[in-house]
Amino acid sequence: MSGQTAAATPPLRFGQVVIGPPGSGKTTYCQGMQEFMTHLGRKVVVVNMDPANEGLPYPCAVDVSELVTLDDVMEGLKLGPNGGLLYCMDYVEANLDWLENKLKQHSDCYFLFDCPGQVELYTHQSSVKNIFSQLAKWNFRLTAVHLVDSHYCADPAKFISVLCTSLSTMLHVELPHVNVLSKMDLIEQYGKLAFNLDFYTEVMDLTYLLDHLAADPFFKKFHHLNTKLAEVIQDYGLVSFVPLNVQDKESMIQVLRAVDKANGYCFGDLEERNIQAMMSAAVGADFQFDSTLGVQERYVETSGKTVEEEMMHL
């Protein structure tokens, strides 16, 4: 009996579900991460879970568009893009046997799931969450990689909104989670950062951001609401970010290290791993300060002002 049970257990597979708002760089991330991990010697396949994704830049092992496409749903059911995408994911959930058969063909691979960009799929709609839960039952060990545009850090109101969305997604999806600030090379495209980069990656005392918001006449009347939102984020204490530029090798290493630690890949025996690296991950000794400082030096311009001048400006 025990032999039959063992034979019925699916093989252990690791992977990432790449989620985030539209335009945050999910497809570019999947392409870059696939190439990066292939150079490291991992056998990687990408699964396109977005029925609206056309013209994929990477070789796709499994494409949900073979099952359902957004254009067909919109035309056949007379739905808009938002309602059509929700219907598509409900349809995928109702046809999980199709997905299971497709994934079985790649049992010895590392998986990247390129997911749709509609925010409500990850904050309160249940179909994607149920798909992820079923993947776990098929013995997948997954990490949710949540991408958000880094330039939101330059706007305190948008950054607090991003924090709320990230926290809501973490609580709803119920997977090991890595939040990523994507497109770090464009972080100051729409304005200067008010604080050092580690203030945003580690989500430090948000009362400083509230002071910035209070200086804006539009947000001043919502000061009490903003304060309560900041308290919710800090009371949970779950949200932090890893900075990423897909074209930067060191940046990719930092993200992959965080993902491997989250889903347990670094503790497996699928490739050689030394004891020191495993113990470092186990005790959380991979301090991020030096790496964050290096990212800031590359992508954030320094003002050249003294501390007193910065304080007077604030």
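The values are calculated or read from the model by the stated rules, or taken from the named source; none is laboratory data. A quick note: this is a predicted structure, and the numbers were derived from the prediction, not measured. Cβ sites come from the backbone with ideal geometry, for glycine too, and all protein chains shown count toward neighbours. Side chains included, ligands, DNA and RNA excluded: accessible areas come from the protein's heavy atoms. Shrake-Rupley method; radii C 1.70, N 1.55, O 1.52, S 1.80 Å.
Per-structure values
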quantity	calculated
Inter-label distance for residue 104 and residue 235, nm, one decimal - labels placed 7 Å from Cα along Cα-to-Cβ	4.8 nm
Cα centroid separation - segment 118-189 against segment 36-54, whole Å	18 Å
Cβ-defined net charge surrounding residue 127, 10 Å radius [Lys, Arg +1; Asp, Glu -1]	-1
Positive minus negative residues near residue 145 (Lys, Arg vs Asp, Glu; Cβ under 11 Å)	0
Candidate residues 106, 212: accessible-area rank, largest first, probe 1.4 Å	212, 106
Out-of-range pairs (alpha-carbon distance over 27 Å; input 129/192; 137/183; 104/249; 104/129; 43/249)	129/192; 137/183; 104/249
Packing-based order for 126-134, 243-251, using average beta carbon neighbours within 10 Å, highest first	243-251, 126-134
Charge sum, other residues only, whose C-beta stays under 13 Å from residue 234's C-beta, Lys/Arg counted +1 and Asp/Glu -1	-3
